[in-house]
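J.: Supplied in structure tokens, the structure appears directly below.
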Amino acid sequence: MGSTRHGHCIILRVEQRIAIIHANCQGEPLASALLSSPEFARAYLPRVYLNYARQVIPEDALAHCGLLLYQHLGPEWGELSSASVLSRLPAGCPSLCIPNMFFRGPWPLWSGAPGFDYRDVFLDRLLEMNLPGPEILRLYLTMPLERKYDLAAMLEETIARERAREAHTPLKYLDFILEHWRTRPLFLTVNHPGPELLARTAAAILRHLGMAPPAAPPQPHADYTGFELPVHPQVAACYGLEYGGPQATYRCYATTKTFAQYAAAYVDCRLSGIDDFIAYLHLR
């Protein structure tokens, strides 16, 4: 802390401390929301390091860290594991394990298989059958999903997985999701919580730090909110969602699409041999 003399008054200048945010794609919008608190902005200079990209946290940043906000990573992450990062903090440096929200509720057919973004297990199965594109699309949109998939069990599975993830952080969120996810979209994609959840998380972090949450946190950057994973209308009907009907439209980067239009784009992209679905959607 330095000081500046003006006449007979001495104004104290508090040096900002580094706030390391070790997180996935949720880190940047959380940093923006935290900075909307004047109290936090005066105290901390956030630096976001993307865990999924395995960005190395410089030792100098760790040595001067005044606050660590991190999503839990197990020992398989080596020097990026939470235990390793925590062990290299300065003595007395506060730390907080923050939520790493992931929810497949509206998208039970989502698959994390590599090679194509936003993979869908049913669409991929139909594509493997080498059917014509229009027939793939017809089957995908009209075949009763509940005859092929236990959607109730798939929902219970994602809830159980998220409950285990939530156990690592003192900032609880899953009960709120389960109370409200049927009435309005809380997630943009399986791992992109929407503005409401991000604002709640930022407010919870600030309260944990003894700071007042801002009255109106800023909206996440357009790069984060530019895509909404469409919801299959049959899934919406099965789960009793108040959104996700056949006529609902979704932001797909440069355009908006209904679910059927999005599925048609998925099929066309795959049949055209294009692996970069995000780039394809940007152009269509």
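J.: Multiply the residue separation of A152 and L271 by 0.36 nm, subtract the distance between their alpha-carbon atoms, and state the gained length in nm to one decimal.
T.: 39.7 nm
J.: Mind checking the angle between helix 133-142 and the chain's longest principal axis? C-alpha axes, 0 to 90 degrees, to the nearest 10.
T.: Around 80 degrees separate the two axes.
J.: I would also like to ask the following. Over the residues of the range 47-179, compute the C-alpha Rg and express it relative to 2.2 N^0.38 Å.
T.: In units of the globular-protein estimate, the range 47-179 measures up at 1.44.
J.: Rounded to the nearest 20 Debye, what is the dipole magnitude of the chain about its Cα centre when Lys and Arg each give +1 and Asp and Glu each give -1 at the C-beta?
T.: Result for the chain is approximately 620 debye, rounded to the nearest 20.
J.: Sticking with this one: With springs only between Cα atoms under 10 Å, which of G273, G66, G112 fluctuates most in a Gaussian network model of the chain?
T.: Taking springs between Cα atoms under 10 Å, the residue moving most is G273.
J.: In a shell of Cβ-Cβ distance under 14 Å around L137, excluding L137 itself, what net charge do Lys and Arg (+1) and Asp and Glu (-1) give?
T.: Cβ neighbours under 14 Å give a net charge of 0.
J.: Hey, rough spin-label estimate for A160 and A260, points 7 angstrom out along Cα→Cβ, what's it come to in nanometres?
T.: 3.7
J.: Suppose only helical runs count, i.e. DSSP H with n ≥ 4. What mean residue ellipticity at 222 nm does that imply for the chain under -39500 (n - 2.57) per run, divided by all residues and rounded to the nearest 500 deg cm²/dmol?
T.: Helix contribution divided over all residues of the chain: -11000 deg cm²/dmol.
J.: Rank S84, N51, L62 by how far each Cα sits towards the positive end of the charge dipole of the range 2-98 (+1 on Lys, Arg Cβ; -1 on Asp, Glu Cβ) and give me just the farthest.
T.: It is L62, whose Cα lies furthest towards the positive end.
J.: For the chain, restrict the atom set to alpha-carbon positions and state the Rg and Dmax in Å.
T.: Taking only Cα atoms of the chain, I get Rg and Dmax of 22.1, 83 Å.
J.: Going from the alpha-carbon gyration tensor of the range 168-284, what semi-axes, largest first and in whole Å, does one get by taking the root of 5 times each eigenvalue?
T.: For the range 168-284, the ellipsoid semi-axes come out as 31, 18, 12 Å.
J.: Determine the distance separating the Cα centre of the range 188-222 from the Cα centre of the range 92-127; give it in Å without decimals.
T.: So the two Cα centres are separated by 20 Å.
J.: So for the chain, averaging the separation of alpha carbon pairs under 8 Å that are six or more residues apart and normalising by length, what relative contact order in percent results?
T.: For the chain, the relative contact order is 18 percent.
J.: Name the residue, out of F176, F40, F187, whose mean-square fluctuation peaks in a Gaussian network model built on the chain with Cα pairs under 10 Å.
T.: Looking only at F176, F40, F187, the biggest GNM fluctuation is shown by F176.
J.: Running Debye on the range 2-98 with equal point scatterers at the Cα sites and no solvent, what base-10 log of I(q)/I(0) appears at q = 0.12, 0.14, 0.18, 0.24 Å⁻¹?
T.: Debye intensities relative to I(0), on a log10 scale: -0.42, -0.54, -0.81, -1.28.
J.: Can you tell me the 0 to 90 degree angle between the C-alpha axis of helix 151-166 and the longest principal axis of the chain, rounded to 10?
T.: Approximately 10 degrees, to the nearest ten.
J.: To the nearest 20 debye, what charge dipole does the range 2-98 have about its Cα centre, counting +1 at the Cβ of each Lys and Arg and -1 at the Cβ of each Asp and Glu?
T.: Roughly 340 debye, rounded to the nearest 20.
J.: Which FRET efficiency value, to the nearest 0.05, is calculated for D175 and H282 with the Förster distance at 25 angstrom and r the Cβ-Cβ distance?
T.: 0.10
J.: Looking only at the chain, where both bridge partners belong to it, what percent of the DSSP beta bridges are antiparallel (to the nearest 5)?
T.: Roughly 50 percent of the beta bridges in the chain run antiparallel, per DSSP.
J.: I'd like the FRET efficiency for A61 and E39, computed as 1/(1 + (r/R0)^6) with the beta carbon distance as r and R0 of 35 Å, rounded to 0.05.
T.: The formula returns an efficiency of 0.95 here.
J.: May I ask for the angle, rounded to the nearest 10°, between helix 195-208 and the longest principal axis of the chain, with both axes built from Cα atoms and the value confined to 0 to 90°?
T.: 30
J.: Within 10 Å of each candidate Cβ there may be at most 11 other Cβ atoms; applying that plus a DSSP loop requirement, which GluC sites (Glu not before Pro) in the range 35-123 survive?
T.: Passing sites in the range 35-123 do not exist.
Every number here is computed from the coordinates shown, using simple stated rules; none is lab data. Since we're looking at a predicted model, the values are computed, not measured. No Cβ is skipped: glycine too gets one built from the backbone with ideal geometry, and neighbour counts run over all protein chains shown.
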